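The values are calculated or read from the model by the stated rules, or taken from the named source; none is laboratory data. Keep in mind that what you see is a predicted model, and the values were worked out from it rather than measured. Don't worry about glycine lacking a Cβ; one is built from the backbone with ideal geometry, like all the others, and counts go over all protein chains shown. With ligands, DNA and RNA removed, areas are computed over all heavy atoms of the protein, side chains included. Shrake-Rupley method; radii C 1.70, N 1.55, O 1.52, S 1.80 Å.
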Amino acid sequence: MARSNDAVAAMLLEFAELLAISGGPPYKVRAYEKAAQAVEGHPAELATLRSAELDEIPNVGSQLARKIREFLDTGSVGELDELRARVPTGLRSLLTIPGLGPRRARQVYEELGITSPDDLLAALHEHRLRELRGWGARSEDNLAAAVREAQSAGERVRLGLALGVAERLLQRLRPLPQVQRVEYAGSLRRMRDSIGDIDILVASDDPEPIMRAVTELPVVERVISHGSTRTSVLTATGLQVDVRVVAPPSWGAALLYFTGSKAHNIQLRELALRAGLKLSEYGLFEVETDRRVAGEREEEVYARLGLPWIEPTLREGAGEVEAALHGTLPEVVTRADLRGDLHTHTDLTDGVAPLRDMVAAAAAAGHEYFAITDHAPLLHMQRMTTEKALAQRRRIRELDREAGPALLHGTELNIQPDGSLDWDTEFLSGFDIVVASVHSHFDQPRDVLTARLLRAIEHPHVNVIGHPTTRIVGGRSAIDVDLDEVFRAAARTGTALEVNSLPERLDLNGELVRRARHFGVRFAVSSDAHSVAQLGNLSFGVATAQRGWATRDDVINTYPLDELRRFLAKHDHAAAVR
DNA sequence: GCCGTTTTCGGCCCGACTGTTTTCAGTCG
């Protein structure tokens, strides 16, 4: 998985943190942070770029290009090593404690010799911090609470879980008489694959009762802060919820602001400044007159800045603002573009719903076509047999004569450790669609794993590689494969890569979709549903594809059925390429 | 350290909340 871009970004971030702790100029710190973000989101592999090309990356200037070059060539940077020598290693870890920033981390180091979280705990226990300038008993107590909470790890949670919590909170707040509008914002609205905290925005002319009601919600474990327009609470599950109230005329600007990302917001504000405008959560204002020129709707704010409305899923400060300015922002795929689902399971293998129920749900969801892709015999625990598969095919053909979506009989093969697959080529030719996935042996060496995936991709009847990296959000990391090779082969052979919509998978993720697009890869946004309810997860997959800037044309299950069938007749594609 | 339809120098996003201060610094999002 290791891409040089990620290593360089990590190097730059370490630089930024060490600079901040050692009292470096704030704007220099931010320059490093911005460069780290630019490098991480840059489509090209940094290690393959010449020095002049490094300099051309936005927010990377001559100085940082030189340091990046040094890092790529030698694996280290002299100046960074010097900085490391000056700053004790533990100090950086202090920055992860909420409420302790670079200035105070430096203060406790210089005045109390604290260099690690353990030192900090000891000092807190002995009440030594309250003696420092700017500190008191309260700030010491708060820091102690923050350290305890950080230790009991209120970790990031998956998209699906956070969405459920947020929707229950909205149900509680919406009926309050003072509430005019309420929506979730933040990374949840951007549909990131994991969520650190939940941001909720309320439009109201009477915020006080709402703020009080938030502190009294049954899920609240502790109130972190409670002001007249902003309240932060910690839920019993350790999830932080921030609720902010603005007046209705500021709704759009506030929604924009609280949706983020931070990098996206900063870019918009810089754009505003250059136009003599000032953007805040209250609206877009003329600097000279302080007159509000936009704010009630997001679209107005973007339009006044000369931009089209940008999907929340694209707002990562990863080039979307520049692309929007130049009119080159792609029109990304939407849920409404999807005509069908190409990866689902029934109770014949590890699904929980019978075939008929899944098909009925697909019909209710408005699908034009629907593939059933139960597991194949080599995933032994699923007890699939050739006879069962053929019997299922007959039932599907019968059901297909009824009203509802066109039914495709497919299967999800198991890619063996050597890259071989279930069944022989002739039998596989009988399926309408074939998905192939890795389900075990994740720890093979990179070259073995790469060859394994390539063999499956090259197979004449494999149409889709399921959950290509096998990562589990917050759990298992992605398998170590040469993705550039995989992307090249997938594009060449007309094999789609899946964007698996299960919230614990979201695989490929948005970043990889964006990289794969550069190779001309096509995607299948699929639910991998094992139950009727999971068919609804497709919206998570769509959001993930959007994060990767995928358009309708990039996604094969937006195609009309006849066009999809042409894509699935893989050998024709290969012939066309030649 | 980066960047330029106001700039190759002088800027660099904006505001809420907390706690310690009597007017502001630090942190966060």
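If you stretched the chain out fully between A:LEU161 and A:ALA533, how much longer would it get, using 0.36 nm times the residue separation minus the C-alpha to C-alpha distance? Each step should come with its number before you reach the end.
Details: separation 372, 0.36 × 372 = 133.92 nm, distance 1.43 nm.
Net length gain for the segment: 132.5 nm.
When only C-alpha pairs under 8 Å and at least 6 residues apart count, what is the relative contact order of the stretch A:199-277, in percent?
30 percent
Can you compute the modelled spin-label distance between A:ASP484 and A:PHE427, with each label point 7 Å from Cα toward Cβ, in nm?
The modelled label-to-label distance comes out at 3.9 nm.
Cα to Cα, under 13 Å, and not fewer than 8 places away if on the same chain: which aspartates and glutamates meet these conditions relative to A:LYS34?
A:GLU14, A:GLU17, A:GLU316
Assuming R0 = 60 Å, can you tell me the calculated FRET efficiency for the pair A:PHE442 and A:THR289, based on Cβ-Cβ distance, to the nearest 0.05? Don't skip to the end; give the middle numbers.
On the way: r = 61 Å, r/R0 = 1.01.
Result of the calculation: an efficiency of 0.50.
Count charges around A:ASN414 for me, please; just the other residues with Cβ under 14 Å from its Cβ, Lys/Arg as +1, Asp/Glu as -1.
It works out to a net charge of -2.
Kindly list the residues of the stretch A:314-354 that lie in the label zone of A:ALA406, defined by a backbone N under 18 Å from the point 7 Å along the Cα-to-C-beta vector.
Zone members listed by number: A:337-344.
Would you kindly compute the Cα radius of gyration of the stretch A:251-325 and its largest Cα-Cα separation (Dmax), both in Å?
Rg, Dmax (Cα atoms, Å): 11.0, 34.
Treating only the Cβ atoms of Lys and Arg (+1) and Asp and Glu (-1) as charged, compute the dipole magnitude of the stretch A:43-145 about its Cα centre; round to the nearest 20 debye. Can you show the working numbers first?
Numbers: 14 positive and 17 negative charges, 66 e Å.
Using only the charged Cβ atoms, the result is roughly 320 debye.
How much of the accessible area of the stretch A:16-160, probe 1.4 Å, is carbon plus sulfur, in whole percent? Walk me through the intermediate numbers first.
Details: 3930 of 8160 Å².
Its accessible area is 48 percent carbon and sulfur atoms.
Under 14 Å Cα-Cα from A:LYS570, which aspartates and glutamates qualify once same-chain neighbours fewer than 8 residues away are excluded?
A:LYS570 reaches A:ASP432, A:GLU458, A:ASP562.
Work out the charge dipole of chain A with +1 on the Cβ of Lys and Arg and -1 on the Cβ of Asp and Glu about the Cα centre, then indicate which of A:VAL157, A:ILE472, A:GLY410 is farthest towards its positive end.
Working it through, the farthest residue towards the positive pole turns out to be A:VAL157.
So how much slack lies between A:GLU296 and A:ALA236, counting 0.36 nm per residue of separation and subtracting their Cα-Cα distance, in nm?
This chain segment gains 18.2 nm when fully extended.
If you split all Cα-Cα distances of the stretch A:157-246 into 5 Å bins from zero, what percentages do you get per bin, shortest first?
That works out to 3, 16, 29, 27, 18, 8, 1, in percent per bin.
Please grab the % of Cα pairs in the stretch A:335-577 that end up more than 34 Å from each other.
7 percent
Give the calculated FRET efficiency between A:HIS518 and A:GLU131 to the nearest 0.05, with a Förster radius of 41 Å applied to their Cβ-Cβ distance.
Values: r = 57 Å, r/R0 = 1.38.
My answer for the efficiency is 0.15.
Relative contact order, percent, of the stretch A:335-577 when contacts are C-alpha pairs under 8 Å separated by at least 6 residues?
Averaging sequence separation for qualifying contacts and normalising by length gives 20 percent for the stretch A:335-577.
What translational diffusion coefficient, in µm²/s and rounded to a whole number, does the Stokes-Einstein relation yield for chain A at 37 °C and a viscosity of 0.692 mPa s, taking the hydrodynamic radius as the Kirkwood radius over Cα pairs?
Rounded to a whole number, D works out at 124 µm²/s.
Report the antiparallel proportion of the DSSP beta bridges in chain A as a percent, rounded to a multiple of 5. Intermediate results must be reported in sequence, preceding the final value.
Numbers: 24 of 55 bridges.
Given both bridge residues lie in chain A, the antiparallel proportion sits at roughly 45 percent.
What distance in nm lies between label points placed 7 Å from Cα along the C-beta direction at A:ASP81 and A:ARG168?
My value for the distance between the label points is 5.3 nm.
Sorting check: for A:495-507, A:316-328, which peptide has the highest mean count of neighbouring beta carbons within 10 Å, and how do the rest follow? Intermediate values should be presented prior to the final figure.
On the way: A:495-507: 26.0, A:316-328: 16.6.
Top of the packing list down: A:495-507, A:316-328.
Based on the inverse mean of 1/r over its pairs of different Cα atoms, what is the Kirkwood hydrodynamic radius of the stretch A:4-151, in Å?
16.7 Å
With each pseudo-label sitting 7 Å past Cα toward Cβ, what's the A:TYR27-A:TYR282 distance in nm, one decimal?
2.6 nm
When only C-alpha pairs under 8 Å and at least 6 residues apart count, what is the relative contact order of the stretch A:4-151, in percent?
After rounding, I find 21 percent.
For A:LYS278, which lysines qualify as cross-link partners when the Cα separation must be under 19 Å and same-chain residues fewer than eight apart are set aside?
A:LYS262
How large is the helix-only mean residue ellipticity at 222 nm for chain A, computed as the sum of -39500 (n - 2.57) over DSSP H runs with n ≥ 4, divided by its residue count, in deg cm²/dmol to the nearest 500?
When only DSSP H runs of four or more count, the value is -13000 deg cm²/dmol.
Given a Förster radius of 51 Å and the C-beta distance between A:THR74 and A:THR385 as r, what FRET efficiency does 1/(1 + (r/R0)^6) yield to the nearest 0.05? It would help to have the intermediate numbers written out before the result.
Details: r = 57 Å, r/R0 = 1.12.
Efficiency, rounded to the nearest 0.05: 0.35.
Could you sort the peptides A:525-531, A:134-140, A:453-459 by per-residue average Cβ neighbour count (10 Å cutoff), highest mean leading?
By packing density, highest mean first, the sequence is A:525-531, A:453-459, A:134-140.
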